[in-house]
Structure formats: C-alpha cells, structure tokens
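The values are calculated or read from the model by the stated rules, or taken from the named source; none is laboratory data. Only a predicted model underlies this, so the values are computations on that prediction, with no experimental measurement involved. Glycine gets a Cβ as well: all are built from the backbone with ideal geometry, and neighbour counts include every protein chain shown. Each accessible area value is taken on the protein alone, full model and side chains, heavy atoms only, with ligands, DNA and RNA left out. Shrake-Rupley method; radii C 1.70, N 1.55, O 1.52, S 1.80 Å.
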Amino acid sequence: LDVGFVGTGSMGSMLVRSLIGSRALRAERVVASNRSAGRLNRLAEEVPGLRTAPLADLFCQCDTVFLCVKPPDILTVLADAGRYISEAHLLIVITNSVDLADLEAAVPARLAKVIPSLTQTVGAGIALLIFGSRCTEHDRSALHRLLAHISRPFIIDESQARIASDLTSCGPAFLSHVYRALARAAGRCQPDLPPPVVEAMVLQTTVATARLLDETGLSFDHVIEKVSTPGGITAEGIKVLDQHLESVWEEMIRTTVAKEHGKKVRVKL
Ligand SMILES: NC(=O)c1ccc[n+]([C@@H]2O[C@H](COP(=O)([O-])OP(=O)(O)OC[C@H]3O[C@@H](n4cnc5c(N)ncnc54)[C@H](OP(=O)(O)O)[C@@H]3O)[C@@H](O)[C@H]2O)c1
C-alpha cells in the first residue's frame with residue numbers, strides 16, 4: 001500500500017515535494033487529497049506521477065497517511081472519513097494542537113506525530129517524531145527512515161513537543177525575525193549602506209556561523225568567547241544583548257506555551 005497526504009497546503013505540498021524530490025518516495029506510490037481542487041491540481045502538475053484521490057479512496061489505497069490540515073479541520077476529516085480508518089493505518093498528524101491519546105480514543109489506527117519544519121524544503125533541519133502507544137517497532141523505524149531523507153529526525157515525548165517545536169518548526173520564523181531586526185538596525189544607523197548589501201552581510205554571516213558551529217563542533221559559548229576579546233568592541237555589544245535578549249526569548253517561549261494550551265482541539269467522535 002501507498003503513502004497518502006490529506007491537505008496539500010503549505011506543509012502538505014512541501015512534504016510531498018521534498019519526500020519525492022529526495023527519492024524517499026516514488027511519485028507513483030504517493031496519493032494526495034485536498035478539500036478544494038486548486039492547490040491539489042497545482043501540486044499534481046508540479047510533481048509528475050503523483051496520484052490524487054477523494055478522501056475515502058485515499059484511505060483505501062494508503063496504509064500510511066499524513067494529515068496535513070489545520071487542527072480544527074482534523075475533526076472534519078475524521079467525521080468524513082473516520083469509517084475508512086482501521087488498525088491497518090498508520091495515521092500521522094503534524095500539529096501539536098491535538099493530543100495523540102485523544103486521537104487514539106477516536107480511531108483504531110496507530111498514531112504518530114511529525115512536526116516538520118519549512119527547512120525541509122531544502123532537505124535540512126529537524127523533524128520531530130512522537131510515537132503513540134500503538135506504534136510498532138516497524139512503524140518507528142520506517143517513519144524515522146522516511147524522514148531521515150529530508151531532515152534530521154529527533155524522537156521526543158509529546159510533553160516536550162511545544163518548546164521543541166519553538167526551536168525547530170517555528171525556529172525559521174523566529175531566527176529570520178532576528179536577522180531582519182539586525183539588518184534593519186544596521187540600516188538605520190548607517191543609511192548609506194543599501195538594504196540588499198546589509199541583508200547579504202547578515203545572511204552570509206548567519207550561514208557561515210551555522211557552518212562553523214556545525215562543522216567544527218564549537219559550542220555557542222566558545223564562538224562568543226573567541227570573537228569577543230575582553231574589553232573589546234564585541235564584548236561591549238554582547239553585554240547589551242545579555243541585558244535585554246534572554247528575557248525576551250523566555251517571554252516568547254512562555255507565550256507560545258500559553259497560546260497552545262488555549263488552542264488545543266479536543267477530538268471526540
Ligand atoms: N507552516 C509551518 O511551518 C508548519 C510547521 C509545522 C507544522 N505545521 C502544521 O501544519 C498544519 C497545516 O498547516 P499549513 O500551513 O500547511 O496549512 P494550509 O496551508 O492552510 O493547508 C491546509 C490544507 O488542508 C486542506 N484541508 C482543509 N480541510 C480539509 C479536508 N477536510 N480534507 C482535505 N483537505 C483539507 C486545505 O484545503 P483548501 O485548499 O481547500 O484550503 C489546505 O490545502 C497545521 O496544523 C500547522 O500547525 C505548520
């Protein structure tokens with residue numbers, strides 16, 4: 001049986017493209033379904049060989065199904081297709097807004113969670129893997145192997161998922177915000193440096209710093225220490241960041257935790 005993707009919006013399409021593009025899956029073995037035709041047809045045009053099907057057919061043709069719809073729409077999918085979902089299915093949700101135990105009470109399938117990241121567009125970054133209580137050893141290794149084609153899969157507990165997702169899945173947005181703030185501040189202080197030049201400086205330094213950390217194994221502390229000679233200019237800048245930034249990040253994390261708590265979708269069929 002084949003692999004299905006319900007929902008071909010931003011994340012569903014990205015996963016289909018990356019998994020097929022990386023040769024983790026053959027297009028002929030992938031079935032996609034979407035509420036409306038527009039995004040589904042566009043994806044099918046872009047990925048030759050990709051099959052499309054109505055929801056019920058997708059569950060009949062696939063034993064592994066990724067649910068890539070927004071959290072409240074999971075309820076609609078289960079209401080429409082719940083009767084086609086059996087213990088033969090491995091059902092994978094990609095959101096923290098539903099709990100696996102809730103889903104397990106609603107459907108007989110084996111349940112797992114994959115929290116992807118936009119960085120998987122370029123076959124990089126971390127995908128978080130969380131396994132429900134019914135997952136077999138085979139499910140665990142098969143899902144890990146699949147995601148390893150486009151990411152570094154990290155297996156975590158569901159209770160760790162919110163903060164881990166802030167780092168890996170929201171991370172590209174949070175870090176882009178930091179880069180943008182740095183570029184804007186530099187532009188305000190030195191208006192005769194054109195924005196594209198400032199942005200290139202920030203981007204290339206970011207890419208190089210990430211490579212330096214990743215390829216040499218240097219710690220964050222080490223890099224900070226190596227660049228900031230005591231009493232020097234960098235050290236003065238670091239003092240300002242120390243004073244203001246850590247509390248900002250902590251406030252950001254506490255906000256996402258509180259927000260998610262309020263947004264949980266309860267699954268009851
Ligand atoms: N964006 C990220 O970086 C990111 C990262 C990790 C996880 N996620 C999670 O991924 C999930 C999807 O997010 P997204 O950004 O991909 O949303 P999106 O772009 O709005 O895509 C959702 C897709 O689901 C389709 N859909 C809705 N109800 C459906 C149904 N009953 N049957 C079939 N298809 C249905 C929609 O169809 P239409 O075309 O008709 O609207 C749409 O194409 C969310 O839970 C989000 O939390 C997102």
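Among the residues of the stretch 80-99 satisfying the criterion of being near the ligand (Cβ under 9 Å from one of its atoms) and either open to solvent by less than 30 Å² (accessible area, probe 1.4 Å) or in contact (Cβ under 8 Å) with a residue 60 or more places away in the chain (or both), which is farthest from the chain's Cα centre (by Cα)?
From the stretch 80-99, those near the ligand (Cβ under 9 Å from one of its atoms) are 80-81, 93-98; that's our starting set.
Subset that is either open to solvent by less than 30 Å² (accessible area, probe 1.4 Å) or in contact (Cβ under 8 Å) with a residue 60 or more places away in the chain (or both): 81, 93-98.
Values: ALA81: 25, VAL93: 11, ILE94: 8, THR95: 9, ASN96: 11, SER97: 14, VAL98: 15 Å.
Ranking the candidates gives ALA81 first.
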Check: Is at least one residue of the stretch 99-115 touching a helix residue (DSSP H, G or I) at 6+ places or on another chain (Cβ under 8 Å) and on the phi > 0 side of the Ramachandran plot?
Finding: no
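Are any of the residues in the stretch 44-52 out of contact with any helix residue (DSSP H, G or I) (no Cβ under 9 Å at 6 or more places or on another chain), buried (at least 18 other Cβ atoms within 10 Å of the Cβ) and not acidic (Asp, Glu)?
Just the residues of the stretch 44-52 that are out of contact with any helix residue (DSSP H, G or I) (no Cβ under 9 Å at 6 or more places or on another chain), to begin with: 44-45.
After this cut, where a residue has to be buried (at least 18 other Cβ atoms within 10 Å of the Cβ) as well, the list is 44.
The next check asks that each one be not acidic (Asp, Glu); those that pass are 44.
Yes, because at least one residue in the stretch 44-52 is out of contact with any helix residue (DSSP H, G or I) (no Cβ under 9 Å at 6 or more places or on another chain), buried (at least 18 other Cβ atoms within 10 Å of the Cβ) and not acidic (Asp, Glu).
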Next item on the list: Please enumerate the residues belonging to the stretch 20-42 that are of a type in the set (A, V, I, L, M) and more than 15 Å from the ligand (Cβ to nearest atom).
Entry: ILE20, ALA24, LEU25, ALA27, VAL30
Check: Since THR8 meets every condition but one in (1) part of a loop (DSSP other than H, G, I, E, B); (2) surrounded by fewer than 21 Cβ atoms within 10 Å (Cβ to Cβ); (3) within 12 Å of the ligand (Cβ to nearest atom), which condition does it not meet?
Finding: (2)
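Could you please let me know if SER36 is open to solvent by less than 80 Å² (accessible area, probe 1.4 Å) and within 19 Å of the chain's Cα centre (by Cα)? If you could, list the steps in order and put the result at the bottom.
Values: open to solvent by less than 80 Å² (accessible area, probe 1.4 Å): yes; within 19 Å of the chain's Cα centre (by Cα): no.
So SER36 fails the test.
Looking at the stretch 135-150 only, could you name the residues that are open to solvent by less than 90 Å² (accessible area, probe 1.4 Å) and among the basic types (Lys, Arg)?
Taking the stretch 135-150 and keeping what is open to solvent by less than 90 Å² (accessible area, probe 1.4 Å), we get 135-136, 139-144, 146-148, 150.
Once the filter is applied, which keeps residues that are open to solvent by less than 90 Å² (accessible area, probe 1.4 Å) and among the basic types (Lys, Arg), the stretch 135-150 yields only ARG140.
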Next item on the list: For PHE220, work out the one condition from (1) at pLDDT 95 or above; (2) hydrophobic (A, V, I, L, M, F, W, C); (3) open to solvent by less than 80 Å² (accessible area, probe 1.4 Å) it doesn't fulfil.
Entry: (3)
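Looking at the stretch 113-134, which of the residues that are over 12 Å from the mean Cα position of the chain (by Cα) and open to solvent by 20 Å² or more (accessible area, probe 1.4 Å) is nearest to GLU87 (Cα to Cα)? Step through it out loud before you land on a result.
Quick first cut of the stretch 113-134, residues over 12 Å from the mean Cα position of the chain (by Cα) only: 122, 130-134.
Those left that are additionally open to solvent by 20 Å² or more (accessible area, probe 1.4 Å): 122, 131, 133-134.
Working: VAL122: 34, PHE131: 15, SER133: 13, ARG134: 9 Å.
Step by step, filter the stretch 113-134, then rank; the result is ARG134.
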Note to self: One residue is enough: does the stretch 238-254 have a residue meeting the conditions open to solvent by less than 100 Å² (accessible area, probe 1.4 Å), among the small types (Gly, Ala, Ser), touching a helix residue (DSSP H, G or I) at 6+ places or on another chain (Cβ under 9 Å) and under 23 Å from GLN160 (Cβ atoms)?
What the structure shows: no
Next item on the list: Only residues that are closer than 19 Å to MET11 by Cα and of a type in the set (S, T, N, Q): list them for the stretch 81-121, please.
Entry: THR95, ASN96, SER97, SER117, THR119, GLN120, THR121
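This table checks each residue for (1) under 30 Å from LEU100 (Cα atoms); (2) touching a Lys or Arg at 6+ places or on another chain (Cβ under 8 Å); (3) of a type in the set (Lys, Arg); (4) open to solvent by 60 Å² or more (accessible area, probe 1.4 Å).
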{"position": "PHE174", "(1), (2), (3), (4)": "yes, no, no, no"}
{"position": "TYR179", "(1), (2), (3), (4)": "no, no, no, yes"}
{"position": "ARG184", "(1), (2), (3), (4)": "no, no, yes, yes"}
{"position": "GLN190", "(1), (2), (3), (4)": "no, no, no, yes"}
{"position": "MET201", "(1), (2), (3), (4)": "no, no, no, yes"}
{"position": "VAL207", "(1), (2), (3), (4)": "no, no, no, yes"}
{"position": "ALA210", "(1), (2), (3), (4)": "no, no, no, no"}
{"position": "ASP214", "(1), (2), (3), (4)": "no, no, no, yes"}
Margin query: Taking the criterion of being over 27 Å from VAL248 (Cα atoms), surrounded by 21 or more Cβ atoms within 10 Å (Cβ to Cβ) and more than 9 Å from the ligand (Cβ to nearest atom), would at least one residue in the stretch 67-79 satisfy it?
Written below: no
Next item on the list: Working carefully through the options ASP102, ASP63, find the one that is touching a residue at least 40 places away in the same chain (Cβ under 8 Å), more than 14 Å from the ligand (Cβ to nearest atom) and assigned to a strand (DSSP E or B).
Entry: ASP63
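Tell me the residue from PHE59, PHE66 that is more than 30 Å from HIS261 (Cα to Cα) and either out of contact with any Asp or Glu (no Cβ under 6 Å at 6 or more places or on another chain) or not charged (D, E, K, R) (or both), please. Lay out the reasoning, then the answer.
Numbers: PHE66 fails: more than 30 Å from HIS261 (Cα to Cα).
Residue meeting the stated conditions: PHE59.
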